[in-house]
Amino acid sequence: MKKVSVIPQFLALPFCGTALGSALPYESMTTPDLYKQHVLPTYGRFPLVPVRGAGCRLWDDAGNSYLDFCMGIAVCSLGHCHPLLVEAIRYQAGQLMHVSNLYQHPLQAELAAEINEHHVKIPGKIFFSNSGAEANDGLIKSARRFGLKRPQSNGAQRYEVLTFLQSFHGRTLGSMAATGQKKIHEGFDPLLPGFRYLPFNDIAALENAIRPETAAILLEPIQGEGGVNSATPEFIRAVADLCKKNDLLLFFDEVQAGFGRCGDAMAWRMIAPEVKPDGISWAKGMGGGVPIGSFWLSDRAIDDDTPLSSVLGPGSHGSTYGGNPLVCAASLAVLKEIREKELAVNAILQEVRIRETVRSWNLPVITEIRGKGLLLGIGLDPELVPTPEGKTPALVVVNELMKNGLLAPPAGPNTFRLLPPLNVTDTEVDEALTIVKRTLQSLVK
Ligand SMILES: *Cc1c(COP(=O)(O)O)cnc(C)c1O
């Protein structure tokens, strides 16, 4: 299992800068050099050059193997290159890849039915996008259409969407404006208007913030990028009550937390299962690695005979690629496997294993474990992590973990995340935790 495989020639030659006698100059450059020269520097990237993955393992271009608890940031729900997913993509690639949304291919309908009947289990309808940011843009557009149908008492449209500090909703102009983090907005003024950011889990602040123009409240049941912060049950219930009382839409951003990752098909059900949202967005884990996102709107009536799910009628929204046969085949394979193998249950079992093991170490550098299922944040005491200027404690630890063979992404300055695939085994969890313990012990001393 742990044997390091040799990279096949067709991968090693063109991508790793080892080609001999090549006529093309780029073939003699290293991958990081090619990035530097040709790719926009929008990311602070680690130097790792991954070339192959299988299950929980990832190999770099030098043949080093890593245990991957980053999984493309909670994307590869079944691990790397799960045989079912690979076969679904291979088969569909040879059958029909793309037809546009001018026509009705069976896989998009089947995937929507799978999500509605087996995962959301509330009557509603789905739009397919290519990413989480686009899915949230769809919810924002829906809120505005809703605010047109159900305007303010003076007849003016409602349009405002309330979101929360430390939230993350994406990088498009719409989803970026919805994101409650200054550093994400920096230099991009003027932002799309119609958003205000409120303290998370603060019921009174939310109550006071609602104005005549407010149309919706958008929140992550568990904030991922912002540091793995769970909404409290009281907060989610209060948000739902305030939405009812003020005729607002309740939107959950489940882009990172949804489809089994937090121990239930839907993350909010791990916190306040009785709550019924009006809209939900997803992406990341739903495709297992192919680019697919989606948003859902409830069928509930917003006036005498208009369901909310009809606010975006023909011509109001679209995406050329959205929900094409190839990505729908992949997503169907992933969601059926998650459901049939009850991988959400495994997420809970592994959460318990991780929490118990980490607690048993009694390491002062670990302040707490936040999150649910396999969306877990390990909080670090910044005083105990030797951190050079310009770095964060989380980055120091993440780099050190990588050196020791474990990939895990940071979440905010003082937290790193454990995001293994939903089918991770006891052995893999134990191996990862051994690396975490050894790394923290040698870092802190
Ligand atoms: C990643 C993420 C997004 C953005 O998704 P993209 O696919 O990167 O556009 C939105 N919301 C949450 C909660 C996320 O974690």
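The values are calculated or read from the model by the stated rules, or taken from the named source; none is laboratory data. Predicted, not measured: the structure shown is a model, and the values here were computed from it. With ideal geometry, Cβ positions are generated from the backbone for all residues, glycine too; neighbour counts draw on all protein chains shown.
Per-structure values
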item	result
Residue that is touching a residue at least 40 places away in the same chain (Cβ under 8 Å) and among the small types (Gly, Ala, Ser), where the choices are GLY390, GLY373	GLY373
Residue among SER294, SER319 that alone is in a strand (DSSP E or B), in contact (Cβ under 8 Å) with a residue 60 or more places away in the chain and within 30 Å of VAL99 (Cβ to Cβ)	SER294
Condition met for TYR43 (under 22 Å from the mean Cα position of the chain (by Cα) and part of a loop (DSSP other than H, G, I, E, B))	yes
Selection from segment 160-201 of residues that are more than 14 Å from the ligand (Cβ to nearest atom), out of contact with any strand residue (DSSP E or B) (no Cβ under 6 Å at 6 or more places or on another chain) and under 24 Å from GLY313 (Cα atoms)	LEU192, PRO193
Residue in segment 368-377 that is in the same structural domain as LEU407 (by TED's automatic domain parsing) and away from the ligand (no atom under 16 Å from the Cβ) present	yes
Filter result for ILE217 (farther than 21 Å from ALA74 by Cα, within 16 Å of the ligand (Cβ to nearest atom) and of a type in the set (Val, Ile, Thr))	yes
Test: residue in segment 260-267 that is within 16 Å of the ligand (Cβ to nearest atom) and either among the basic types (Lys, Arg) or assigned to a helix (DSSP H, G or I) (or both)	yes
From the options VAL365, VAL385, VAL397, residue that is in contact with a Phe, Trp or Tyr (Cβ under 6 Å, 6 or more places away or on another chain) and hydrophobic (A, V, I, L, M, F, W, C)	VAL397
Hits in segment 259-303 - residues which are more than 15 Å from the chain's Cα centre (by Cα) and of a type in the set (Ser, Thr, Tyr)	SER298
Flag if ILE140 is out of contact with any strand residue (DSSP E or B) (no Cβ under 8 Å at 6 or more places or on another chain), of a type outside the set (Asp, Glu) and within 16 Å of the ligand (Cβ to nearest atom)	no
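Residue by residue, here is whether (1) more than 16 Å from the ligand (Cβ to nearest atom); (2) in contact with a helix residue (DSSP H, G or I) (Cβ under 9 Å, 6 or more places away or on another chain) holds:
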position	(1), (2)
TRP282	no, yes
MET286	no, yes
PHE295	no, yes
ASP299	yes, yes
THR306	yes, yes
SER310	yes, no
ASN324	yes, yes
ALA329	yes, yes
